[in-house]
Amino acid sequence: MRKLIFAINISLDGCVDHTKFYPEEETMDYFIQMLQDTDTFLYGRKTYELMVPYWPDVAKEDPADEFAQAFDAVEKIVIFSRSLNGAEEEKTTIVRTNLRDEVLKLKQQPGKNIMTGGVDLAAQLAALGLIDEYRLVVLPIVVGEGRRLFEGISLQEKLQLKLIESTVFKSGAVVLRYVK
């Protein structure tokens, strides 16, 4: 069964708004490796519109940008949206069916990991108990404003996670890997 991995950069004060900071090279290398182990993205509309067409355009313009190339190489991007009418790129499928059923179906299909990010969709997936692994890249910065991780999440009961790995980068960023 494929794993659904939630991965995101986060500041020390919980900000996940990527307009407030930019990860350094070692963090980008970590995300490149994750992308290479992934063949399906699950995005909500907001995160999708932040990523596409930006990264596919970078991939076309700069063949040396490893992150853009890894992002663009992903075979399939699935978006759960009620408001997005069309997809920006050919590798995108817009799914409007039941979120839980669709994710369970995707997990049963052969392939690499499934990855998600952002806040709204990740909160919904966490509330449904569908995320298998959480990878938080904590950056050594206090932003003081911006969107917070799992803002507005509604859980039936606390989600107890187990730390399975932590990695410290030279920059002071820390990767925390948790499983259910």
> Can you tell me which residues in region 103-117 are over 17 Å from the mean Cα position of the chain (by Cα) and either β-branched (V, I, T) or open to solvent by less than 60 Å² (accessible area, probe 1.4 Å) (or both)?
Replying inline: G111
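Report whether or not L130 is in contact (Cβ under 8 Å) with a residue 60 or more places away in the chain, part of a helix (DSSP H, G or I) and out of contact with any His (no Cβ under 8 Å at 6 or more places or on another chain). Before you say what the answer is, go through the steps one by one.
On the way: in contact (Cβ under 8 Å) with a residue 60 or more places away in the chain: yes; part of a helix (DSSP H, G or I): no; out of contact with any His (no Cβ under 8 Å at 6 or more places or on another chain): yes.
So L130 does not fit the description; no.
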> Which residues, taken from region 19-47, are open to solvent by less than 30 Å² (accessible area, probe 1.4 Å), part of a loop (DSSP other than H, G, I, E, B) and closer than 22 Å to L139 by Cα?
Replying inline: F21, P23
> Are any of the residues in region 25-43 within 25 Å of A123 (Cβ to Cβ), in contact with a helix residue (DSSP H, G or I) (Cβ under 7 Å, 6 or more places away or on another chain), β-branched (V, I, T) and modelled with pLDDT under 95?
Replying inline: yes
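Quick check on L50: is it aliphatic (A, V, I, L, M) and in a strand (DSSP E or B)? Give the steps one after another, and end with the answer.
On the way: aliphatic (A, V, I, L, M): yes; in a strand (DSSP E or B): no.
Criteria not met by L50.
Can you say whether V137 is under 19 Å from E26 (Cβ atoms), surrounded by 19 or more Cβ atoms within 10 Å (Cβ to Cβ) and of a type in the set (A, V, I, L, M), as far as the supplied structure shows? Break it down stepwise before answering.
Working: under 19 Å from E26 (Cβ atoms): yes; surrounded by 19 or more Cβ atoms within 10 Å (Cβ to Cβ): yes; of a type in the set (A, V, I, L, M): yes.
Yes: the conditions hold for V137.
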> Would region 75-93 turn up any residue that is part of a loop (DSSP other than H, G, I, E, B), open to solvent by 70 Å² or more (accessible area, probe 1.4 Å) and modelled with pLDDT of 85 or more?
Replying inline: no
> Among all residue pairs at least 6 apart or on different chains, which show Cβ distances below 8 Å where the first residue, located in region 1-18, is in contact (Cβ under 8 Å) with a residue 60 or more places away in the chain and surrounded by fewer than 17 Cβ atoms within 10 Å (Cβ to Cβ) and the second is in a strand (DSSP E or B) and β-branched (V, I, T)?
Replying inline: K3/I114; L12/V138
>> For region 145-180, which positions are within 25 Å of E26 (Cβ to Cβ), open to solvent by 60 Å² or more (accessible area, probe 1.4 Å) and in a loop (DSSP other than H, G, I, E, B)?
In response: R147, K170
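The values are calculated or read from the model by the stated rules, or taken from the named source; none is laboratory data. Note that the structure is a prediction, hence the values are computed from the model and not measured. Positions of Cβ are backbone-derived with ideal geometry, glycine not excepted, and every protein chain shown enters the neighbour counts. Side chains are part of the model used for accessible areas, which takes the heavy atoms of the whole protein and leaves out ligands, DNA and RNA. Shrake-Rupley method; radii C 1.70, N 1.55, O 1.52, S 1.80 Å.
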